[in-house]
Amino acid sequence: MSTKKERIVSIKYARRNFSVIGLFLILYTLFVLILPFFFHMYMEYDNSPILQDRWMYFGIYFIIIFFGTLIPFFLMRLYFRLPFKKISRKITTSFVDLFVQTIVFFIICIALTYVSNRIFVYFSQEGKLISSIGFSYDEAYLDNYLYVFMLVIVTPIMEEYAFRGVLLNVLGKYGKLFGLYASAILFALAHTNFSEYIPAFAMGYVLGKTSLRYKSIRPTIIIHILFNALIYALCVMPSPITQYMAYGLAAIFALSVYFIYTGRYERVQIQKLRSNKTTNIVFYTCPTVIISMVLMICGTLLFVFFK
(Lines give C-alpha, C1' and ligand atoms only; values in the text may rest on other atoms or scores of the structure.)
Protein backbone atom coordinates (compact mmCIF):
# COMPACT_ATOMS: atom_id res chain seq x y z
CA MET A 1 0.00 0.00 0.00
CA SER A 2 1.56 3.28 -1.08
CA THR A 3 1.52 6.39 1.06
CA LYS A 4 1.93 9.98 0.05
CA LYS A 5 5.39 11.35 0.55
CA GLU A 6 5.53 14.12 3.12
CA ARG A 7 6.29 17.48 1.55
CA ILE A 8 9.14 19.20 3.37
CA VAL A 9 8.76 22.97 3.69
CA SER A 10 11.61 25.14 4.89
CA ILE A 11 11.23 26.87 8.25
CA LYS A 12 12.07 30.23 6.66
CA TYR A 13 9.31 29.81 4.06
CA ALA A 14 6.77 28.69 6.69
CA ARG A 15 7.66 31.56 9.04
CA ARG A 16 7.16 34.11 6.27
CA ASN A 17 3.76 32.69 5.36
CA PHE A 18 2.71 32.39 9.01
CA SER A 19 3.64 36.06 9.50
CA VAL A 20 1.29 37.01 6.66
CA ILE A 21 -1.48 34.83 8.12
CA GLY A 22 -0.94 36.53 11.48
CA LEU A 23 -1.31 39.97 9.90
CA PHE A 24 -4.65 39.01 8.35
CA LEU A 25 -5.77 37.58 11.71
CA ILE A 26 -4.81 40.84 13.46
CA LEU A 27 -6.89 42.78 10.93
CA TYR A 28 -9.80 40.40 11.46
CA THR A 29 -9.58 40.60 15.26
CA LEU A 30 -9.44 44.39 15.30
CA PHE A 31 -12.53 44.73 13.12
CA VAL A 32 -14.68 41.89 14.45
CA LEU A 33 -13.80 41.77 18.18
CA ILE A 34 -12.23 45.08 19.21
CA LEU A 35 -14.00 47.66 17.03
CA PRO A 36 -17.59 46.53 17.88
CA PHE A 37 -16.80 46.79 21.59
CA PHE A 38 -15.53 50.39 21.38
CA PHE A 39 -18.34 51.25 18.97
CA HIS A 40 -20.87 50.11 21.58
CA MET A 41 -19.06 51.90 24.43
CA TYR A 42 -18.88 55.13 22.44
CA MET A 43 -22.61 55.07 21.72
CA GLU A 44 -23.36 54.48 25.40
CA TYR A 45 -21.05 57.33 26.43
CA ASP A 46 -22.58 59.65 23.81
CA ASN A 47 -26.10 58.44 24.64
CA SER A 48 -26.58 57.84 20.93
CA PRO A 49 -30.15 57.39 19.62
CA ILE A 50 -28.82 54.46 17.58
CA LEU A 51 -28.96 52.37 20.76
CA GLN A 52 -32.73 52.82 20.83
CA ASP A 53 -33.12 51.89 17.16
CA ARG A 54 -32.32 48.17 17.13
CA TRP A 55 -32.58 47.84 13.37
CA MET A 56 -30.00 50.54 12.80
CA TYR A 57 -27.84 49.27 15.68
CA PHE A 58 -27.74 45.69 14.40
CA GLY A 59 -27.46 46.92 10.82
CA ILE A 60 -24.21 48.76 11.67
CA TYR A 61 -22.99 45.70 13.60
CA PHE A 62 -23.80 43.57 10.58
CA ILE A 63 -21.76 45.78 8.24
CA ILE A 64 -18.76 45.84 10.60
CA ILE A 65 -18.70 42.10 11.24
CA PHE A 66 -19.55 41.08 7.67
CA PHE A 67 -16.81 43.12 6.02
CA GLY A 68 -14.47 42.64 8.99
CA THR A 69 -14.65 38.91 8.35
CA LEU A 70 -14.94 38.85 4.58
CA ILE A 71 -12.11 41.23 3.66
CA PRO A 72 -9.21 39.73 5.72
CA PHE A 73 -10.02 36.13 4.79
CA PHE A 74 -10.76 37.03 1.18
CA LEU A 75 -7.34 38.70 0.98
CA MET A 76 -5.77 35.67 2.69
CA ARG A 77 -7.38 33.40 0.11
CA LEU A 78 -6.09 35.56 -2.75
CA TYR A 79 -2.59 35.81 -1.29
CA PHE A 80 -2.25 32.03 -0.99
CA ARG A 81 -4.02 31.43 -4.31
CA LEU A 82 -6.74 29.29 -2.82
CA PRO A 83 -9.56 28.83 -5.37
CA PHE A 84 -13.06 29.22 -4.00
CA LYS A 85 -14.15 26.02 -5.75
CA LYS A 86 -11.57 24.12 -3.69
CA ILE A 87 -13.29 25.04 -0.42
CA SER A 88 -16.87 24.76 -1.64
CA ARG A 89 -17.03 21.62 -3.75
CA LYS A 90 -20.38 19.99 -4.46
CA ILE A 91 -20.88 17.08 -2.11
CA THR A 92 -22.32 13.71 -3.07
CA THR A 93 -23.46 12.32 0.24
CA SER A 94 -26.71 10.84 1.45
CA PHE A 95 -29.11 12.61 3.77
CA VAL A 96 -28.61 9.85 6.34
CA ASP A 97 -24.84 10.36 6.37
CA LEU A 98 -25.16 14.11 6.88
CA PHE A 99 -27.86 13.53 9.51
CA VAL A 100 -25.50 11.26 11.46
CA GLN A 101 -22.71 13.86 11.33
CA THR A 102 -25.13 16.55 12.55
CA ILE A 103 -26.53 14.49 15.44
CA VAL A 104 -23.09 13.57 16.79
CA PHE A 105 -21.91 17.18 16.41
CA PHE A 106 -24.95 18.46 18.34
CA ILE A 107 -24.44 16.20 21.31
CA ILE A 108 -20.69 16.87 21.58
CA CYS A 109 -21.13 20.66 21.56
CA ILE A 110 -24.16 20.74 23.85
CA ALA A 111 -22.54 18.38 26.38
CA LEU A 112 -19.28 20.35 26.47
CA THR A 113 -21.18 23.65 26.70
CA TYR A 114 -23.10 22.37 29.72
CA VAL A 115 -19.95 21.07 31.43
CA SER A 116 -18.00 24.27 30.71
CA ASN A 117 -20.84 26.45 31.99
CA ARG A 118 -21.05 24.41 35.21
CA ILE A 119 -17.33 25.01 35.75
CA PHE A 120 -17.22 28.71 34.90
CA VAL A 121 -20.45 29.65 36.69
CA TYR A 122 -18.41 29.69 39.90
CA PHE A 123 -16.36 32.53 38.37
CA SER A 124 -19.50 34.39 37.24
CA GLN A 125 -18.56 33.67 33.63
CA GLU A 126 -21.52 31.67 32.40
CA GLY A 127 -21.59 31.27 28.63
CA LYS A 128 -24.33 32.01 26.13
CA LEU A 129 -24.57 28.60 24.43
CA ILE A 130 -21.62 29.24 22.08
CA SER A 131 -22.33 32.70 20.76
CA SER A 132 -21.50 33.63 17.20
CA ILE A 133 -18.25 35.56 16.86
CA GLY A 134 -18.93 39.26 17.38
CA PHE A 135 -22.39 38.55 18.82
CA SER A 136 -23.82 36.84 21.86
CA TYR A 137 -27.18 35.24 22.40
CA ASP A 138 -29.20 37.79 24.32
CA GLU A 139 -32.83 36.95 24.98
CA ALA A 140 -33.68 40.66 24.98
CA TYR A 141 -32.85 40.83 21.26
CA LEU A 142 -34.36 37.57 20.04
CA ASP A 143 -37.49 39.32 18.80
CA ASN A 144 -35.48 41.33 16.27
CA TYR A 145 -35.56 39.60 12.89
CA LEU A 146 -32.27 41.11 11.70
CA TYR A 147 -30.49 39.95 14.86
CA VAL A 148 -31.90 36.43 14.50
CA PHE A 149 -31.07 36.31 10.78
CA MET A 150 -27.47 37.26 11.51
CA LEU A 151 -27.10 34.73 14.32
CA VAL A 152 -28.76 31.79 12.61
CA ILE A 153 -27.86 32.30 8.94
CA VAL A 154 -25.18 34.92 8.26
CA THR A 155 -22.61 34.28 10.97
CA PRO A 156 -22.45 30.48 10.41
CA ILE A 157 -21.74 31.10 6.72
CA MET A 158 -19.07 33.70 7.49
CA GLU A 159 -17.41 31.60 10.20
CA GLU A 160 -17.31 28.48 8.03
CA TYR A 161 -15.89 30.43 5.10
CA ALA A 162 -13.23 32.03 7.32
CA PHE A 163 -12.13 29.21 9.63
CA ARG A 164 -12.97 25.95 7.85
CA GLY A 165 -12.80 27.27 4.30
CA VAL A 166 -9.80 29.60 4.19
CA LEU A 167 -7.79 29.19 7.40
CA LEU A 168 -7.98 25.38 7.61
CA ASN A 169 -7.00 24.97 3.96
CA VAL A 170 -4.17 27.50 4.12
CA LEU A 171 -2.69 26.02 7.31
CA GLY A 172 -3.45 22.48 6.10
CA LYS A 173 -0.71 22.83 3.48
CA TYR A 174 1.75 22.33 6.36
CA GLY A 175 -0.06 19.25 7.64
CA LYS A 176 -3.80 18.62 7.95
CA LEU A 177 -3.56 17.73 11.64
CA PHE A 178 -1.65 20.93 12.38
CA GLY A 179 -4.17 22.97 10.37
CA LEU A 180 -7.09 21.29 12.14
CA TYR A 181 -5.85 22.06 15.65
CA ALA A 182 -4.56 25.56 14.83
CA SER A 183 -7.81 26.65 13.16
CA ALA A 184 -9.87 25.18 16.04
CA ILE A 185 -7.75 27.02 18.63
CA LEU A 186 -8.08 30.34 16.80
CA PHE A 187 -11.82 29.76 16.34
CA ALA A 188 -12.17 29.19 20.10
CA LEU A 189 -10.14 32.27 21.04
CA ALA A 190 -12.29 34.41 18.76
CA HIS A 191 -15.32 33.76 21.01
CA THR A 192 -15.74 36.49 23.59
CA ASN A 193 -16.37 34.35 26.65
CA PHE A 194 -13.92 32.15 28.56
CA SER A 195 -16.55 29.51 29.24
CA GLU A 196 -17.07 29.08 25.50
CA TYR A 197 -13.43 28.36 24.69
CA ILE A 198 -13.69 24.60 25.34
CA PRO A 199 -16.98 23.92 23.46
CA ALA A 200 -15.96 26.32 20.67
CA PHE A 201 -12.67 24.46 20.25
CA ALA A 202 -14.59 21.17 20.02
CA MET A 203 -16.96 22.81 17.56
CA GLY A 204 -14.05 23.97 15.40
CA TYR A 205 -12.35 20.58 15.63
CA VAL A 206 -15.42 18.51 14.68
CA LEU A 207 -16.49 20.88 11.91
CA GLY A 208 -12.90 20.94 10.67
CA LYS A 209 -12.87 17.15 10.45
CA THR A 210 -16.20 17.20 8.63
CA SER A 211 -14.84 19.77 6.17
CA LEU A 212 -11.74 17.64 5.56
CA ARG A 213 -13.87 14.54 5.06
CA TYR A 214 -16.11 16.11 2.42
CA LYS A 215 -13.40 18.51 1.12
CA SER A 216 -16.01 21.27 1.25
CA ILE A 217 -17.55 23.75 3.67
CA ARG A 218 -21.06 23.13 2.35
CA PRO A 219 -21.93 20.40 4.90
CA THR A 220 -20.37 22.37 7.78
CA ILE A 221 -22.44 25.42 6.87
CA ILE A 222 -25.60 23.30 7.01
CA ILE A 223 -24.61 21.73 10.35
CA HIS A 224 -23.62 25.11 11.82
CA ILE A 225 -26.89 26.75 10.77
CA LEU A 226 -28.93 23.87 12.21
CA PHE A 227 -27.00 24.09 15.48
CA ASN A 228 -27.57 27.85 15.82
CA ALA A 229 -31.23 27.36 14.93
CA LEU A 230 -31.55 24.74 17.68
CA ILE A 231 -30.01 27.08 20.25
CA TYR A 232 -32.33 29.87 19.11
CA ALA A 233 -35.32 27.54 19.45
CA LEU A 234 -34.25 26.59 22.99
CA CYS A 235 -34.07 30.28 23.89
CA VAL A 236 -37.48 31.34 22.57
CA MET A 237 -39.65 28.33 23.33
CA PRO A 238 -42.02 28.64 26.32
CA SER A 239 -40.95 26.86 29.50
CA PRO A 240 -43.53 24.03 29.28
CA ILE A 241 -42.32 23.13 25.76
CA THR A 242 -38.67 23.49 26.78
CA GLN A 243 -39.19 20.68 29.27
CA TYR A 244 -40.12 18.39 26.39
CA MET A 245 -37.03 19.56 24.51
CA ALA A 246 -34.98 17.88 27.23
CA TYR A 247 -36.48 14.55 26.15
CA GLY A 248 -35.59 15.42 22.57
CA LEU A 249 -31.97 16.08 23.57
CA ALA A 250 -31.91 12.78 25.43
CA ALA A 251 -33.11 11.08 22.24
CA ILE A 252 -30.39 12.85 20.27
CA PHE A 253 -27.83 11.63 22.79
CA ALA A 254 -29.09 8.04 22.46
CA LEU A 255 -28.98 8.31 18.67
CA SER A 256 -25.42 9.63 18.70
CA VAL A 257 -24.27 6.76 20.95
CA TYR A 258 -25.99 4.29 18.62
CA PHE A 259 -24.44 5.82 15.50
CA ILE A 260 -20.95 5.79 17.02
CA TYR A 261 -21.33 2.24 18.40
CA THR A 262 -22.62 0.80 15.12
CA GLY A 263 -19.95 2.56 13.06
CA ARG A 264 -22.39 4.73 11.12
CA TYR A 265 -20.51 7.78 12.32
CA GLU A 266 -17.36 7.60 10.24
CA ARG A 267 -14.36 9.01 12.07
CA VAL A 268 -11.88 10.95 9.98
CA GLN A 269 -8.35 9.64 10.46
CA ILE A 270 -5.70 12.31 9.92
CA GLN A 271 -2.08 11.32 9.59
CA LYS A 272 0.34 12.87 12.05
CA LEU A 273 3.44 14.13 10.25
CA ARG A 274 6.95 14.15 11.64
CA SER A 275 7.13 17.86 10.83
CA ASN A 276 4.07 18.70 12.98
CA LYS A 277 6.16 19.49 16.06
CA THR A 278 8.43 21.89 14.21
CA THR A 279 5.48 23.47 12.41
CA ASN A 280 3.69 24.11 15.71
CA ILE A 281 6.79 25.74 17.19
CA VAL A 282 7.25 28.01 14.16
CA PHE A 283 3.55 28.95 14.05
CA TYR A 284 2.96 29.65 17.74
CA THR A 285 6.21 31.63 18.11
CA CYS A 286 5.45 33.80 15.08
CA PRO A 287 5.14 37.42 16.38
CA THR A 288 2.08 38.34 14.32
CA VAL A 289 0.28 35.12 15.30
CA ILE A 290 1.06 35.78 18.98
CA ILE A 291 -0.24 39.35 18.66
CA SER A 292 -3.46 38.15 17.00
CA MET A 293 -4.07 35.58 19.77
CA VAL A 294 -3.34 38.14 22.50
CA LEU A 295 -5.79 40.55 20.86
CA MET A 296 -8.45 37.82 20.80
CA ILE A 297 -7.97 37.19 24.53
CA CYS A 298 -8.05 40.97 25.15
CA GLY A 299 -11.34 41.09 23.23
CA THR A 300 -12.70 38.45 25.61
CA LEU A 301 -11.51 40.43 28.62
CA LEU A 302 -13.15 43.60 27.30
CA PHE A 303 -16.52 41.93 26.81
CA VAL A 304 -16.35 40.05 30.12
CA PHE A 305 -15.31 42.89 32.44
CA PHE A 306 -16.49 46.07 30.74
CA LYS A 307 -19.72 45.26 28.97
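The values are calculated or read from the model by the stated rules, or taken from the named source; none is laboratory data. These numbers come from a predicted model, not from an experiment. Here Cβ is always computed from backbone atoms with ideal geometry, including for glycine, and neighbour counts include all displayed protein chains.
Counting just the residues of the range 28-46 that are part of a helix (DSSP H, G or I) and without any contact (Cβ under 8 Å) to a residue 40 or more places away in the chain, which one comes out surrounded by the fewest Cβ atoms within 10 Å (Cβ to Cβ)?
So in the range 28-46, the residues part of a helix (DSSP H, G or I) come out as 28-45.
Filter once more, so that each one left must be without any contact (Cβ under 8 Å) to a residue 40 or more places away in the chain: 35, 38-39, 42-45.
On the way: 35: 16, 38: 10, 39: 16, 42: 10, 43: 15, 44: 11, 45: 8.
Per the stated criteria, the residue is 45.
Name the pairs: first residue in the range 164-180 and free of Cβ contacts under 8 Å to residues at least 40 places away in the same chain, second residue assigned to a helix (DSSP H, G or I), Cβ to Cβ under 7 Å, at least 6 apart or on different chains?
Listed by first residue and then by second, the contacts come to 179/168; 179/171; 179/172.
Can you pull out every residue in the range 67-89 that is within 10 Å of residue 166 (Cβ to Cβ), in contact with a Leu (Cβ under 9 Å, 6 or more places away or on another chain) and not hydrophobic (A, V, I, L, M, F, W, C)?
Across the range 67-89, the qualifying residue is only 72.
Between residues in the range 247-259 that are under 16 Å from residue 114 (Cβ atoms) and residues that are surrounded by 13 or more Cβ atoms within 10 Å (Cβ to Cβ), which pairs lie under 6 Å by C-beta distance while being six or more apart or on different chains?
252/103; 252/106; 252/107; 253/107; 256/103; 256/104; 256/107
How do the pairs read when you match residues in the range 220-232 that are in contact (Cβ under 8 Å) with a residue 24 or more places away in the chain and under 9 Å from residue 156 (Cβ atoms) with residues anywhere that are outside any helix (DSSP H, G or I) and β-branched (Val, Ile, Thr), using Cβ under 9 Å and keeping only pairs 6 or more apart or on different chains?
Taking only residues 6 or more apart or on different chains, the pairs are 227/130; 228/130.
Any chance the range 231-243 includes a residue that's modelled with pLDDT of 75 or more, surrounded by fewer than 20 Cβ atoms within 10 Å (Cβ to Cβ) and outside any helix (DSSP H, G or I)?
No - not one qualifying residue is present in the range 231-243.
From the set of residues in the range 66-104 that are among the polar types (S, T, N, Q) and either touching a strand residue (DSSP E or B) at 6+ places or on another chain (Cβ under 8 Å) or assigned to a loop (DSSP other than H, G, I, E, B) (or both), which is farthest from residue 19 (Cα to Cα)? I'd like the intermediate steps shown before the answer.
Just the residues of the range 66-104 that are among the polar types (S, T, N, Q), to begin with: 69, 88, 92-94, 101-102.
Subset that is either touching a strand residue (DSSP E or B) at 6+ places or on another chain (Cβ under 8 Å) or assigned to a loop (DSSP other than H, G, I, E, B) (or both): 88, 92-94.
Details: 88: 26, 92: 36, 93: 37, 94: 40 Å.
Selected residue: 94.
I'm checking my understanding of the structure. Among residues of the range 263-285 that are at pLDDT 85 or above and within 22 Å of the chain's Cα centre (by Cα), which one is surrounded by the most Cβ atoms within 10 Å (Cβ to Cβ)?
So, considering only residues that are at pLDDT 85 or above and within 22 Å of the chain's Cα centre (by Cα), the one surrounded by the most Cβ atoms within 10 Å (Cβ to Cβ) is 283.
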